[in-house]
1. Working from Cα positions, state the angle (0 to 90°, nearest 10) between the long axis of helix 32-51 and the longest principal axis of the chain.
2. With viscosity set to 0.692 mPa s and temperature to 37 °C, compute the Stokes-Einstein D of region 15-203, Rh being the Kirkwood radius across alpha carbon pairs; µm²/s, no decimals.
3. Output the Kirkwood hydrodynamic radius of the chain, Cα pairs only, in Å rounded to one decimal.
4. Per q in 0.11, 0.12 Å⁻¹, report the Debye log10 I(q)/I(0) for region 214-343, using one uniform scatterer on each alpha carbon and no solvent.
5. Starting from the Cα of SER147, step 7 Å along the direction of its Cβ; do the same at ARG275; then give the gap between the two resulting points in nm.
6. Among PHE25, LEU332, PRO152, whose Cα sits farthest toward the positive end of the charge dipole of the chain (+1 at Cβ of Lys/Arg, -1 at Cβ of Asp/Glu, about the Cα centre)?
7. Of the options GLN69, SER128, TYR235, report the single residue whose Cα projects farthest towards the positive end of the charge dipole of the chain (beta-carbon charges: Lys, Arg +1; Asp, Glu -1).
8. Quick one: which residues, 5 or more positions from LYS303 or on another chain, have an amide H under 5 Å from its amide H? H modelled 1.01 Å from N in the peptide plane, none for Pro or chain starts.
Amino acid sequence: MYTGIDQDHVKVMTIERHILEQERFHPEATGVLTSLLYDLALAGKIIASKTTRAGLAEILGRAEEVNVQGEQVMKLDKFADRTIYRLNDHTGRLAAMASEEHADVLVIPDRYPSGKYVLLYDPLDGSSNIDCNVPIGTIFSIFRRKSPGGEPASLEDCLQPGRDLVAAGYILYGTSTMMVYTTGQGVHGFTLDPSVGEFLLSHPNIRIPEKPKYFSVNLGYQIYWSKGVQCFTDYLQGKDDGIQGLSLRYIGSLVADFHRNLLSGGIFYYPADTRDPKKPHGKLRLLYECAPLSFIAEQAGGKGSDGRQNILDIQPESLHQRCPLFIGNKDLVEKAEEMIQRYDP
Ligand code: P6P
C-alpha cells in the first residue's frame with residue numbers, strides 16, 4: 001500500500017513508468033498505446049482538479065443541456081467529456097472516439113493524423129451524484145481499429161466484443177483519485193499524490209479476494225426483477241441455504257461500487273427491469289461500462305456476465321447498447337447465471 005514518498009523502503013513507481021514497463025509484454029508495441037494511457041492519466045488529473053471543487057458555484061449545477069441518453073448534462077460531465085476529447089483528438093494515436101455524451105462516433109477530423117486505436121469512454125459516470133459529493137468515475141475502453149488505415153474510421157471500428165479490448169480502465173474521483181487499468185497483464189491501481197501531481201503505484205496486481213464481503217444492487221427495484229434474479233438475491237441474503245454474512249453496500253455510482261468489490265470481494269449487479277420499457281436490458285452500457293469493467297474483473301480473477309453469457313463475448317450491435325450486468329467474484333457471478341438458467345428459461 002502506498003504510504004508516501006518519504007518512506008525510503010517504498011519503491012516509487014509512477015503510472016508513466018509502469019505503463020512503459022508494461023510495454024515490454026507487447027513485443028509489437030510501438031509506444032502508441034503507452035502514450036494513449038499517459039494521456040488518459042493526464043485527463044484524470046485535469047478532471048480531478050475540478051471534481052475536488054465541484055461544490056463551488058462555477059461547476060455545480062446543471063448545464064441546461066440534455067445528452068443523447070435524455071439525461072440532464074451536468075457541467076462537470078461536459079468538462080470531463082471535452083477534456084478527454086481535446087487531449088486525444090490531435091495526437092495521431094486514435095482513428096475515432098465514442099462517448100456516452102455523444103450519439104455518434106467521433107471520427108478524428110481530417111486536419112489531424114488518424115491513428116490505429118479507438119477510444120470509447122464514459123467521461124463521468126455517476127454524475128447525478130455530484131451534488132451530494134458521492135465518488136464518480138471515468139471509464140474507458142481501447143480497441144485497435146479494424147478498418148484499414150488511411151480511410152476514415154467507422155462505427156464497426158467501435159462495435160467490437162470485449163475479448164478484443166487492448167486496454168481498459170477507470171479513474172475514480174473519491175476520497176482520493178485513483179486510476180486502475182489493465183492491458184491484459186493484470187490489474188494495477190495508482191493513487192494520485194496531489195502534492196507532486198503524479199499517479200503513484202499503490203495497488204499492484206489487484207486480485208479480487210476469494211471470500212466476498214459485499215453485494216451491491218438497488219433493492220428498490222427488486223419487485224421488477226425476474227424470478228431467477230429474485231432467487232439469487234435471496235441466496236445472497238442467506239435464505240434457503242444461501243451464503244451467510246454478506247453486507248449490502250450500494251452507493252449508486254458504478255465505479256465506486258465496482259472498485260470496492262474489486263478490492264474487498266463481492267458482486268455488483270444491475271439486472272434487467274421488467275417494469276420499465278426503457279430498461280428491458282438494464283441501465284448500464286455495454287461498450288464503455290460493462291465491457292471494460294468485465295475485462296478488469298477477469299484480469300483480477302473475477303468475471304462479468306449479462307446473466308447468461310460472459311460480457312466479453314457479446315458482439316455489440318449499437319454504440320449505446322445496454323446490457324444487464326453481474327460482475328465481481330466469479331463464483332457469485334456463476335451462481336447468478338445458474339439461478340437465471342434454472343428459473344428464467
Ligand atoms: P440506479 C449512475 O447514474 C449509474 O449510471 C451508475 O453509475 C450506477 O451504478 C447506476 O446508474 C445507479 O442506477 O437506478 O440504481 O440509481
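1. With rounding to tens, the tilt is 70 degrees.
2. D, rounded to a whole number, is 193 µm²/s.
3. Averaging 1/r across every pair of different Cα atoms and inverting gives 20.5 Å.
4. -0.33, -0.39
5. For the pair SER147/ARG275, the computed spacing is 4.2 nm.
6. After comparing all options, I get LEU332.
7. Farthest towards the positive pole: TYR235.
8. Those qualifying (amide H under 5 Å, at least 5 residues apart or on another chain) are GLY328, LYS330.
Each reported figure results from applying straightforward, stated rules to the coordinates on display, with no laboratory input. Fair warning: this is a prediction, and the values are worked out from it, not measured in the lab. Because the Cβ atoms are built from the backbone with ideal geometry, glycine has one as well, and the counts that use them run over all protein chains shown.
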